[in-house]
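Take a look at the structure below.
The values are calculated or read from the model by the stated rules, or taken from the named source; none is laboratory data. It should be emphasised that the depicted structure is a prediction, and the values quoted were computed from it without experimental measurement. Counting neighbours? That spans all protein chains shown, and the Cβs are built from the backbone with ideal geometry, glycine included. We work out accessible area using only protein heavy atoms, side chains counted, and drop any ligands, DNA or RNA first. Shrake-Rupley method; radii C 1.70, N 1.55, O 1.52, S 1.80 Å.
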Amino acid sequence: MMDTAARLLRLLSLLQSRPQWDGADLAVRLDVTPRTVRRDVTRLRSLGYPVDAEAGIGGGYRLGPGGRLPPLLLEDEEAVAIAVGLRVATTTTVSGVEEAAISALAKLHQVLPARLREQVAAINAHTSQLPQGELPMVDGDVLVLLAAGCRDTEGIRFRYRTHGGDESERSVEPLQIVHTGRRWYLVARDRDRQAWRTFRVDRITEPVLTGARYRFEDPPDPIALVAEGTGVAPWDIVARIRVEADAATVSKVFPAREGIVDPIDATSCELRFAANDLGPLIAQTLRIRWPFEILGPPELRTVVHDHGRRLLDS
């Protein structure tokens, strides 16, 4: 027979493993009487776990939504990964997360075995983060509400400030939030403009869920849309290059934050990247490791050809 604490943990684990349990089945699994199961359910409720019960045929016990988090039973590697992740989260650009991460890290540190505390301390002591300059802060509550809209396919209305400082009210159907490593973007269909748009989350204020539901017939790739809007559209010069390699292979060298890769056929693709002058485009072009043809602009083709001739003559 298990002691009471072990039995409660076992019962909680069983309730989490499937949507609903018959009381008799739980009694068999725990090797106790149905009466003991009822008493243990009462104990779990007193500890803050929302265990629902339904009598009669088809009834039983199930773990309801909400309540306190269940106890975490972590492998050593999982505990270290969580501790390191919390350490990184203390430098996030999402307001409020830093304090919560520090608090959670302190609590986790108290319960980690000594051997794991030493591993986490070693990682923290010898890890530095490259400064990224001044980045806009994102309101954590705004981020949560936008994520809820994406999850529940529920419309959102908010105030939005453009790069030029103009403000307007937008009504959108959110698809997904995309994080580029520096900024957060909401990809959504603008109801008034009947077009897909990307919105910087730090420029969104006063978001409200409208209750309106929707369904997308053919939504775009949100990562590609953000990459297009941030990596190509804002810049003056766009390089277009046909690469003799499949799109999946080229994307490994030029991920979405560095270039847009569009497949042409099974063995070739078009790579696009942009800048305000030729210098960065030349550097990007010289990174291409497969045969390629510069489709535009002509001045980029000329400069790269001249550079190639100088290398051959050296």
Calculated FRET efficiency for the pair Thr210/Glu98, C-beta based, R₀ 35 Å, to 0.05: 0.65
Dipole magnitude (debye, nearest 20) for the range 76-147, charges at Cβ of Lys, Arg, Asp, Glu: 260
Separation of the Thr162 and Ala122 label points, Cα + 7 Å toward Cβ, nm: 5.5
Distance between modelled label sites at Glu217 and Glu154, nm, 7 Å Cα→Cβ extension: 2.6
Length added when fully stretched, Arg62-Thr91, from 0.36 nm per residue minus Cα-Cα: 6.6 nm
Theoretical FRET efficiency, 1/(1+(r/R0)^6), r = Cβ-Cβ of Lys252 and Leu286, R0 30 Å, to 0.05: 0.95
About the Cα centre, charge dipole magnitude for the chain (Lys/Arg +1, Asp/Glu -1 at Cβ), debye: 920
Of (i) 57, 48, 31; (ii) 71, 54, 37; (iii) 87, 52, 41, the label for Cα extents along the principal axes in Å derived from the coordinates: (iii)
Positive-end residue, the chain charge dipole about Cα centroid, Cβ charges, pick of Leu105, Gln20, Val261: Gln20
GluC sites (Glu not before Pro), loop per DSSP, at most 11 other Cβ atoms within 10 Å - longest free stretch of the chain: 218-314
222 nm mean residue ellipticity, helices alone, for the chain (DSSP H n ≥ 4; -39,500 (n - 2.57); rounded to 500): -13000 deg cm²/dmol
Accessible area per residue in Å² at 1.4 Å probe, computed on the range 120-215: 59
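Not counting the cut sites, what is the longest span of the chain without chymotrypsin sites (Phe, Trp or Tyr not before Pro) that DSSP labels loop and that have at most 15 other Cβ atoms within 10 Å? Provide the component values of the computation, followed by the final result.
On the way: sites that count: Tyr214, Phe216.
After excluding every exposed loop site, the longest remaining stretch is 1-213.
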Rg(Cα)/(2.2 N^0.38 Å) for the range 176-261, N = residue count: 1.28
Of Leu116, Ala5, Ala212, farthest towards positive along the dipole that unit charges on Lys, Arg, Asp, Glu beta carbons give the chain: Ala5
Surrounding net charge for Phe254, when Lys and Arg each add one and Asp and Glu each subtract one, Cβ distance under 12 Å: +2
Selection of trypsin sites (Lys or Arg not before Pro), the range 177-280, meeting DSSP coil and at most 13 other Cβ within 10 Å: Arg182, Arg193, Arg215, Arg257
Using a Förster distance of 45 Å, the FRET efficiency for Val232-Arg29 (Cβ separation, nearest 0.05): 0.20
